[in-house]
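What follows is a single structure, written as structure tokens, with notes after it.
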Amino acid sequence: MRVISIETPTHGRALIKDAVVSSSASGLLVGFHGYAQNAEDMLAELDRLPRSDQWTLVSVQALHRFYSRGNERVVASWMTRQDRELAIADNIAYVDHVVRIILADAPQTPVVFVGFSQGAGMAYRAAVSGVHRARGMIAIGGDVPPEVKTAPADRFPAILIAAGESDQYYTPSKLDADEAFLISIGVRADIFRYRGGHEWTDELRDRIHQVLEQLIHG
């Protein structure tokens with residue numbers, strides 16, 4: 001048996017909610033949903049952030065769509081173990097293309113990437129390995145991907161790592177390992193543990209708002 005990989009064009013999907021007053025927008029906030037979620041789910045979470053109307057919100061949907069179990073809701077996944085390296089390259093190129101299109105008329109707009117769960121890995125990849133240098137990134141309930149750890153330290157932007165105290169997926173030991181790695185390469189990350197599990201909470205939203213204000217206004 002022989003296995004070959006075929007490169008083929010495909011169409012992705014991104015949802016955009018423009019800032020209420022475009023001239024006063026702080027920047028571009030690009031979000032990545034978790035496993036078995038979709039772009040609408042992530043956009044709804046971004047929209048619930050305090051003063052989110054000051055940002056242009058972008059929710060990028062993963063390329064691998066499927067129906068959720070038990071109903072016909074369309075959801076998506078960023079990748080599997082199969083052909084992982086190729087999927088990573090495809091995903092980075094895809095997100096680069098999305099951001100390039102949105103920034104076509106304002107290339108100097110600050111960009112912040114935020115990912116939840118499986119989408120946290122995509123946030124790291126976009127921020128560290130993508131062509132658009134990020135002002136910052138936010139990883140919620142997801143760890144640093146192995147291949148990102150080989151990137152030069154100066155590619156890492158300011159980082160907020162957030163995890164629920166009772167998160168059964170992104171456990172305290174995983175968070176501690178990520179913090180230790182970032183410290184070892186001289187990258188400072190803001191660590192935020194909040195009450196709750198593998199989920200968004202109001203406490204988390206308030207902390208994200210504070211971080212976004214600091215990234216833009218200092």
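If the condition is being farther than 16 Å from N38 by Cα and out of contact with any Lys or Arg (no Cβ under 7 Å at 6 or more places or on another chain), then segment 71-93 contributes T80, R81, Q82, D83, R84, E85, L86, A87, A89, D90, A93. When segment 144-177 is limited to residues that are touching a Phe, Trp or Tyr at 6+ places or on another chain (Cβ under 8 Å) and more than 21 Å from A93 (Cα to Cα), the one that is surrounded by the fewest Cβ atoms within 10 Å (Cβ to Cβ) turns out to be E165. Within segment 108-130, the set of residues being open to solvent by 50 Å² or more (accessible area, probe 1.4 Å) and either at pLDDT 95 or above or among the basic types (K, R) (or both) comprises Q118, S129.
Within segment 17-35, take every residue that is open to solvent by less than 60 Å² (accessible area, probe 1.4 Å), modelled with pLDDT under 95 and part of a loop (DSSP other than H, G, I, E, B) and give me the one that is nearest to G121 (Cα to Cα). Let's see the steps before the verdict.
Looking only at segment 17-35, we keep the residues that are open to solvent by less than 60 Å² (accessible area, probe 1.4 Å), and these are 19, 25-34.
If we keep only those that are modelled with pLDDT under 95 as well, we get 19, 25-27.
Narrowing the set further to residues that are part of a loop (DSSP other than H, G, I, E, B) leaves 19, 25-26.
Details: A19: 26, A25: 26, S26: 24 Å.
Residue satisfying both the conditions and the ranking: S26.
Count of segment 195-218 residues, restricted to those that are surrounded by fewer than 14 Cβ atoms within 10 Å (Cβ to Cβ) and of a type in the set (G, A, S), is 1.
Scan segment 170-182 and give yes if some residue there is in a loop (DSSP other than H, G, I, E, B) and among the polar types (S, T, N, Q), otherwise no. Write out each step before concluding.
Taking segment 170-182 and keeping what is in a loop (DSSP other than H, G, I, E, B), we get 170-171.
Now narrow it down to the ones that are among the polar types (S, T, N, Q): 171.
Looking through segment 170-182, at least one residue is in a loop (DSSP other than H, G, I, E, B) and among the polar types (S, T, N, Q).
Just a yes or no: is a residue in segment 82-90 under 24 Å from R205 (Cβ atoms) and at pLDDT 95 or above? For segment 82-90, residues under 24 Å from R205 (Cβ atoms) and at pLDDT 95 or above: absent. Of all residues being open to solvent by less than 10 Å² (accessible area, probe 1.4 Å) and among the hydrophobic types (A, V, I, L, M, F, W, C) in segment 131-143, which is farthest from V187 (Cα to Cα)? Just the residue, please. Restricting to residues being open to solvent by less than 10 Å² (accessible area, probe 1.4 Å) and among the hydrophobic types (A, V, I, L, M, F, W, C), the top hit is I140.
Quick check on my filter: what residues within segment 64-107 are of a type in the set (S, T, Y) and either open to solvent by 80 Å² or more (accessible area, probe 1.4 Å) or not in a helix (DSSP H, G or I) (or both)? Once the filter is applied, which keeps residues that are of a type in the set (S, T, Y) and either open to solvent by 80 Å² or more (accessible area, probe 1.4 Å) or not in a helix (DSSP H, G or I) (or both), segment 64-107 yields Y67, S68, S77, T80.
Scanning segment 46-56 for residues that are open to solvent by 40 Å² or more (accessible area, probe 1.4 Å) and out of contact with any helix residue (DSSP H, G or I) (no Cβ under 7 Å at 6 or more places or on another chain) gives D47, D53.
Would you confirm, using the coordinates I've provided, whether A14 is closer than 26 Å to F156 by Cβ, surrounded by 14 or more Cβ atoms within 10 Å (Cβ to Cβ) and either more than 15 Å from the chain's Cα centre (by Cα) or modelled with pLDDT under 95 (or both)? Show your work before the answer.
Working: closer than 26 Å to F156 by Cβ: yes; surrounded by 14 or more Cβ atoms within 10 Å (Cβ to Cβ): yes; either more than 15 Å from the chain's Cα centre (by Cα) or modelled with pLDDT under 95 (or both): no.
Answer is no for this residue.
Note on segment 108-134: residues that are part of a helix (DSSP H, G or I) and among the basic types (K, R) amount to 1. Among the conditions (1) open to solvent by less than 20 Å² (accessible area, probe 1.4 Å); (2) touching a helix residue (DSSP H, G or I) at 6+ places or on another chain (Cβ under 8 Å); (3) without any contact (Cβ under 8 Å) to a residue 60 or more places away in the chain, the only one that N38 does not satisfy is (2). Could you please give the count of residues in segment 142-160 that are in a strand (DSSP E or B) and without any contact (Cβ under 8 Å) to a residue 40 or more places away in the chain? Adding up the residues that qualify gives 1.
The values are calculated or read from the model by the stated rules, or taken from the named source; none is laboratory data. In this text, all values refer to a predicted model and were calculated from it rather than measured experimentally. All Cβ positions, glycine included, derive from the backbone under ideal geometry; neighbour counts span all protein chains shown. Accessible surface areas use protein heavy atoms only, side chains included; no ligands, DNA or RNA. Shrake-Rupley method; radii C 1.70, N 1.55, O 1.52, S 1.80 Å.
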